[in-house]
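Undergrad: What follows is a single structure, and I will ask about it in a moment.
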Amino acid sequence: MMKTQTTNYELEKNIEVISQLDDFVGKTVDTVLVDPDDCWQPTDFLPDMSQPDALDQVKLLQERCAAIPDTVITSLIGNMITEEALPSYQTYFNLLEGINPEGNLLSPSGWVRWSKAWTAEENRHGDLLNKYLYLSGRADMKKVEQTIHRLIYNGFDPRSEQDPYQAIIYTSFQERATKVSHVNTGKLADKAGDDVLSRICKTIAGDEARHEKAYKSFMSQIFDIDPSGAMIAFETMMRKQIVMPAVLMGDGGSNPSLFNQFSAITQKIGVYTGWDYARIIDHLVKLWEVESKTGLNDVAAKAQEYLSGLASRYMRLADRLKTPDEISLAWLK
């Protein structure tokens, strides 16, 4: 039977483990994340509008971007919209049990510092892609802005039950997924002749890779301290499947199937596919040494068995997944 809810006892135990990691997380802020004065910023990649040749720079940007296929632009817009929903992600992280019990965003705790510094770095991604797309002239920015507005309006629910274990599994998976998506978009931009957009996507992917590494290290610590609890949380999260952060972008709007259209495009052009989903599961199972964990309780042992064969199951599903013949483009002029 599928386990669908974390018990109060499990949640209390998970919160205790999370509190033990506070110093570790604080050190990660200092060693993995970058001081704002030293970090790259969107202006590093964009025309300098204060210069006399600013309009010439914009014209060159538009010329480079003109050859990019509509499908790639649509995928890029969807990636950008996902990044722009940052207010929801920071709110979600601070509402997790044990992360910010005082409800104080000025708290010196490692977890609160992480939530702020992580989302501050992520915030640059949407800013850069938004400005690039605006200058490119390839997007209907009014429609894009309406979608961003609606996504933040609708909120964000990764179905992690406020359980920090499940949330860290989710973010470990999701950071890797966004890294894959940006890397593949960059490759397609490079193929189309836009070397600047390619560099932008790869730079953003580099940030995602650092964040992914941090979240995976948090979960590795949890597996070391509480292997049974970590195993059960991993199984619980994966049985629900990982929902993408932008899944609610069309809910309540004139085009409720907007996210499905975006997903179909990323599948068709190879930006993010069913095979990628399966490969991420395989990576995390191997990284956290799921198959070799010992001393597990009975429930965790069953979870271990399920997780050990999960990547293969999804790979078989991906093999049977039909690439959509027809796709609908959104957000374009």
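Undergrad: What's the total number of residues in region 218-246 that are in a loop (DSSP other than H, G, I, E, B) and in contact with a Leu (Cβ under 9 Å, 6 or more places away or on another chain)? Steps first, please.
TA: Pass one, region 218-246, residues in a loop (DSSP other than H, G, I, E, B): 226, 241-246.
The next check asks that each one be in contact with a Leu (Cβ under 9 Å, 6 or more places away or on another chain); those that pass are 245-246.
Residues that pass the stated criteria total 2.
Undergrad: Return the residues of region 278-301 that are among the hydroxyl-bearing types (Ser, Thr, Tyr) and either surrounded by 20 or more Cβ atoms within 10 Å (Cβ to Cβ) or not in a helix (DSSP H, G or I) (or both); say none if nothing qualifies. So that I can check it myself, show each step before the final result.
TA: Let us first name the residues in region 278-301 that are among the hydroxyl-bearing types (Ser, Thr, Tyr), namely 292, 294.
Hit for region 278-301 is THR294, nothing else.
Undergrad: Collect the residues in region 17-29 that are exposed (fewer than 12 other Cβ atoms within 10 Å of the Cβ) and farther than 11 Å from ALA214 by Cα, keeping them in residue-number order.
TA: So in region 17-29, the residues exposed (fewer than 12 other Cβ atoms within 10 Å of the Cβ) come out as 23, 27.
The answer is ASP23, and nothing else.
Undergrad: Now for a separate question. For the subset of region 132-161 comprising residues that are more than 27 Å from PRO256 (Cβ to Cβ) and not hydrophobic (A, V, I, L, M, F, W, C), which member is surrounded by the fewest Cβ atoms within 10 Å (Cβ to Cβ)? Spell out the reasoning first.
TA: Applying the first criterion (more than 27 Å from PRO256 (Cβ to Cβ)) to region 132-161 yields 132, 135-137.
Going one step further and asking which of them are not hydrophobic (A, V, I, L, M, F, W, C), we end up with 132, 136-137.
Values: TYR132: 23, SER136: 21, GLY137: 13.
The selected residue is GLY137.
Undergrad: Could we say that ALA205 is surrounded by fewer than 23 Cβ atoms within 10 Å (Cβ to Cβ), free of Cβ contacts under 8 Å to residues at least 40 places away in the same chain and either farther than 17 Å from PRO164 by Cα or within 20 Å of the chain's Cα centre (by Cα) (or both) here? Explain how you work it out, then say what you get.
TA: Working: surrounded by fewer than 23 Cβ atoms within 10 Å (Cβ to Cβ): yes; free of Cβ contacts under 8 Å to residues at least 40 places away in the same chain: yes; either farther than 17 Å from PRO164 by Cα or within 20 Å of the chain's Cα centre (by Cα) (or both): yes.
Here the answer is yes, as ALA205 does meet what is asked.
Undergrad: Can I ask one more? Could you tell me which numbered condition TRP118 fails, if it satisfies all but one of (1) crowded, with 23+ Cβ neighbours inside 10 Å; (2) farther than 26 Å from LEU11 by Cβ?
TA: With respect to (1) crowded, with 23+ Cβ neighbours inside 10 Å; (2) farther than 26 Å from LEU11 by Cβ, TRP118 is out only on (2).
Undergrad: Please determine, by comparing only the residues of region 88-101 that are among the hydrophobic types (A, V, I, L, M, F, W, C) and part of a helix (DSSP H, G or I), which one is nearest to ASN123 (Cα to Cα). Steps first, please.
TA: Taking region 88-101 first, the residues among the hydrophobic types (A, V, I, L, M, F, W, C) are 93, 95-96, 99.
Now restrict to residues that are part of a helix (DSSP H, G or I): 93, 95.
Details: PHE93: 15, LEU95: 19 Å.
Among residues in region 88-101 that are among the hydrophobic types (A, V, I, L, M, F, W, C) and part of a helix (DSSP H, G or I), the one nearest to ASN123 (Cα to Cα) is PHE93.
Undergrad: OK, next. Quickly run through region 302-333 and pick out the residues that are of a type in the set (Gly, Ala, Ser) and surrounded by 16 or more Cβ atoms within 10 Å (Cβ to Cβ). Even if it seems obvious, please write down each step before you answer.
TA: Quick first cut of region 302-333, residues of a type in the set (Gly, Ala, Ser) only: 303, 308-309, 311-312, 318, 328, 330.
Those that are of a type in the set (Gly, Ala, Ser) and surrounded by 16 or more Cβ atoms within 10 Å (Cβ to Cβ): ALA303, ALA311, ALA318, ALA330.
Undergrad: Inspect all residues belonging to region 304-327 and state whether any of them is out of contact with any Leu (no Cβ under 7 Å at 6 or more places or on another chain), outside any loop (DSSP other than H, G, I, E, B), on the phi < 0 side of the Ramachandran plot and acidic (Asp, Glu). Walk me through it before giving the result.
TA: The first filter runs over region 304-327 and keeps only residues out of contact with any Leu (no Cβ under 7 Å at 6 or more places or on another chain), leaving 305-327.
The next check asks that each one be outside any loop (DSSP other than H, G, I, E, B); those that pass are 305-308, 310-320.
After this cut, where a residue has to be on the phi < 0 side of the Ramachandran plot as well, the list is 305-308, 310-320.
Narrowing the set further to residues that are acidic (Asp, Glu) leaves 305, 319.
Checked against the condition, which is being out of contact with any Leu (no Cβ under 7 Å at 6 or more places or on another chain), outside any loop (DSSP other than H, G, I, E, B), on the phi < 0 side of the Ramachandran plot and acidic (Asp, Glu), region 304-327 yields at least one hit.
Undergrad: If the Cβ limit is 6 Å and pairs must be 6+ apart or interchain, which residue in region 228-255 that is over 19 Å from ILE152 (Cα atoms) pairs with which residue that is of a type in the set (Gly, Ala, Ser) and outside any loop (DSSP other than H, G, I, E, B)?
TA: SER228/ALA300; MET231/ALA300; MET231/ALA303; ILE232/ALA300; ILE232/ALA303; GLU235/ALA303
Undergrad: Here's something else I'd like to know. State the number of residues belonging to region 178-202 that are among the acidic types (Asp, Glu), touching a residue at least 40 places away in the same chain (Cβ under 8 Å) and surrounded by fewer than 20 Cβ atoms within 10 Å (Cβ to Cβ). Give the derivation first.
TA: Kept after step one, since they are among the acidic types (Asp, Glu), are these residues of region 178-202: 190, 194-195.
Okay, now just the ones that are also touching a residue at least 40 places away in the same chain (Cβ under 8 Å), so 194-195.
From what is left, the residues that are surrounded by fewer than 20 Cβ atoms within 10 Å (Cβ to Cβ) are 195.
Here the count works out to 1.
Undergrad: Can you find, within region 60-96, the residue that is farthest from SER198 (Cα to Cα) among those that are out of contact with any strand residue (DSSP E or B) (no Cβ under 9 Å at 6 or more places or on another chain), polar (S, T, N, Q) and buried (at least 22 other Cβ atoms within 10 Å of the Cβ)?
TA: Once the filter is applied, the top-ranked residue is THR82.
Undergrad: Can you confirm whether PRO245 is surrounded by 16 or more Cβ atoms within 10 Å (Cβ to Cβ), modelled with pLDDT under 95, of a type outside the set (A, V, I, L, M, F, W, C) and within 30 Å of PHE93 (Cβ to Cβ)?
TA: Working: surrounded by 16 or more Cβ atoms within 10 Å (Cβ to Cβ): yes; modelled with pLDDT under 95: yes; of a type outside the set (A, V, I, L, M, F, W, C): yes; within 30 Å of PHE93 (Cβ to Cβ): yes.
So PRO245 passes the test.
Undergrad: Looking at this structure, is ALA67 more than 20 Å from GLU212 (Cβ to Cβ) and touching a Gly at 6+ places or on another chain (Cβ under 7 Å)?
TA: Details: more than 20 Å from GLU212 (Cβ to Cβ): yes; touching a Gly at 6+ places or on another chain (Cβ under 7 Å): yes.
When the stated conditions are applied, ALA67 passes them.
The values are calculated or read from the model by the stated rules, or taken from the named source; none is laboratory data. Every value quoted in this text rests on a predicted model; they were computed, and no experiment measured them. In this analysis, Cβ positions are derived from the backbone assuming ideal geometry, glycine residues included, and neighbour counts consider all displayed protein chains.
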